[in-house]
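Read the figures in this text as sums done on the coordinates, not as results from a lab. None of these values were measured; they are calculated from a predicted model. Because the Cβ atoms are built from the backbone with ideal geometry, glycine has one as well, and the counts that use them run over all protein chains shown.
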Amino acid sequence: MEFSYVSAFLLGLFGTLHCVSMCGSISSVLTFSLPHRTRNNSIILVSYLGFYNAGRLLSYSIAGALAGAFGGQLLYSISPQNGHTILRMLSTVMMVAVGLYLAGWFPKLAYIERIGVPVWKKFEPLGRKLLPVKSPIQALLYGMIWGWLPCGLVYSALLIALAQGQALQGGLFLFIFGLGTLPSLLGAGLFAGKLLKIAHNPKIRAYVGLLLIILAVIGLGLNWDINEHHH
């Protein structure tokens with residue numbers, strides 16, 4: 001289980017290649033929506049960005065908990081004996097798919113974002129009412145809404161969280177995934193040019209994608225050995 005949390009963090013971290021172009025621009029917009037005085041005070045600016053991202057991670061954790069709880073119910077409805085194995089296979093397939101996607105070999109995975117469009121249509125107007133952000137509480141609330149933005153990478157992580165089989169583990173998986181995305185989003189304003197250059201480098205994308213695929217296969221192997229020993 002610990003290995004899956006390592007994978008969650010790396011999935012978020014390497015998802016930088018996806019987040020820089022998508023969420024990085026949103027982070028920049030949120031920054032520029034702040035009052036001029038706030039933007040010019042680096043300490044206050046960082047605190048606001050912290051509240052934005054805390055809200056986003058809170059939404060991720062809630063979504064992950066719901067996915068984990070649903071996965072647990074699915075596990076027992078499929079088969080108390082084999083349900084976990086099936087979910088673990090689903091987790092591995094999704095991790096491999098994300099690896100292929102980040103490498104640029106499976107662009108169709110982006111279509112998964114369409115799943116969340118109906119939900120986002122309900123949240124997006126609420127987010128607009130919070131702009132311009134003038135207080136930390138507004139920043140936190142906007143971050144919580146931002147967390148429901150349709151994102152293929154997040155939805156892939158949620159499908160992997162299903163395999164955790166419990167609400168607590170599913171929520172923790174998405175929280176750790178969210179922590180992995182922080183470096184790119186907090187640094188998007190400062191290092192946007194460099195990060196975009198990395199994001200569009202085919203070789204780096206391929207290496208990152210292959211690493212995630214390898215981690216997925218190793219994770220499956222470790223879990224398989226654990227299950228064999230239990231039997």
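Quick notes on this structure:
- As a calculated quantity, the FRET efficiency between Lys197 and Ile137 at R0 = 35 Å, using C-beta atoms, amounts to about 0.45.
- Sites Gln73 and Tyr5 - FRET efficiency at Förster radius 25 Å, r taken between beta-carbons, to 0.05: 0.70
- Where Cα atoms sit under 27 Å apart: lysine pairs in the range 2-225 separated by 8 or more or lying on different chains: 9
- Listed peptides 166-174, 65-73 appear in the order 166-174, 65-73 once ranked by packing, highest mean of other Cβ atoms within 10 Å at the front.
- Cβ charges +1 (Lys, Arg) and -1 (Asp, Glu), total dipole of the range 2-225, debye: 800
- Burial order of peptide ranges 154-165, 139-150, 96-107, 203-214 (average beta-carbon count within 10 Å, highest first): 154-165, 139-150, 96-107, 203-214
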